[in-house]
Amino acid sequence: ATAKYVVLNEDNGTILQTAGNVNFTSNIALGSGQFTSYRDKVLGLGTTNGSITLDTLQAPAYTITLNGTLTLSTGTFTNANAGASVTLIITQDGSGSRTLSTSGIKWAGGSNTLSTAAGAIDIANFYYDGTNWYGSLVKGYA
C-alpha cells in the first residue's frame, strides 16, 4: 500500500483522529499537548520457562505464566535504545515454586526473588539507560 500523508494546522483546534497507526519518524515536542485514551500494547508469551526475548519494538509490556525457572539477562531485551522501558507481568502456574535467574540486570534493593505460591502474580519493571538495565520487582498482586 502507498503511504498517505496529512498536513495539520498548528493551532489549538486541530484534532488528529485515525483508525490506523500513527508512526513518528522523529522526536515529538508535546508542549501542552496530551495523549488521551492511550494504552500500552501487551503481548502474551504463554506458559513457558527458560530464556525469553522481550523486543522493545514489538511491545512495552509482556505477560508470562511460569512452568519452570525463568532466565533473564541483558540479552533478553532486544531493539532497545536509551530510555526504553519494559514491563513483565509474571504469573506462577498451578504448581507454583517457580524461580527467577538473572545476570547483568541491576535490581532495586538487590531483590529479584519471585512470589512462589501457585497463581501468584508479580510485576517486573525494567529501564535501560543506554548502558545498564535496571529492574524493580513488585510482588504479591492478588
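What follows is calculated from the coordinates using simple rules that are stated; it is not laboratory data. Predicted model only: the values in this text are computed from it and were never measured. Cβ sites come from the backbone with ideal geometry, for glycine too, and all protein chains shown count toward neighbours.
As an exercise, use a Förster radius of 35 Å and the Cβ-Cβ distance of A118 and L57 to find the FRET efficiency, rounded to the nearest 0.05.
Efficiency for this residue pair is about 0.55.
What are the residues whose amide H is under 5 Å from the amide H of L54, where those residues sit 5 or more places off or on another chain and H is modelled from the backbone?
Answer set, sorted by chain and number: F77, T78.
log10 I(q)/I(0), Debye, Cα-only the range 46-135, no solvent, q = 0.12, 0.18, 0.26 Å⁻¹?
-0.33, -0.74, -1.43
Once amide H atoms are built 1.01 Å from N in the peptide plane, which residues 5 or more positions from G96, or in another chain, come under 5 Å H to H?
Result for G96 returns G119.
Give me the one-decimal nm value for the distance between modelled label points at T47 and T74, 7 Å along each residue's Cα-to-Cβ direction.
3.5
Using the Karplus curve 6.51 cos²θ - 1.76 cosθ + 1.60 with θ = phi - 60°, work out ³J(HN,Hα) for each residue of the range 62-76 in order, rounded to whole Hz, and write x for Gly and Pro.
9, 10, 8, 10, 8, 10, x, 5, 9, 10, 10, 8, 4, x, 4
Could you calculate the contour length gain from V138 to S97, that is, 0.36 nm times the residue separation minus the distance between their Cα atoms, to one decimal place in nm?
The span from V138 to S97 would gain 13.1 nm if fully extended.
So, counting K/R as plus one and D/E as minus one, what does the shell of residues with Cβ under 15 Å around Y128 add up to?
Around Y128, the surrounding residues sum to -1.
So what are the ³J(HN,Hα) numbers for the range 103-110, from phi and the Karplus equation (6.51, -1.76, 1.60; θ = phi - 60°), rounded to whole Hz, Gly and Pro as x?
Coupling constants for the range 103-110: 8, x, 9, 8, 9, 4, x, x Hz.
Between N21 and S111, what FRET efficiency follows from the Cβ-Cβ distance if R0 is 41 Å, with the result rounded to 0.05?
0.60
Spelling out what I want: for every residue of the range 53-58, take phi, set θ = phi - 60°, compute 6.51 cos²θ - 1.76 cosθ + 1.60 (Karplus), and round to whole Hz; glycine and proline get x.
Per-residue couplings from phi come out as 10, 10, 8, 5, 7, 7 Hz.
Give the long-range amide H neighbours of S73: residues separated by 5 or more places, or on another chain, with amide H under 5 Å away, using H modelled in the peptide plane at 1.01 Å from N.
S103
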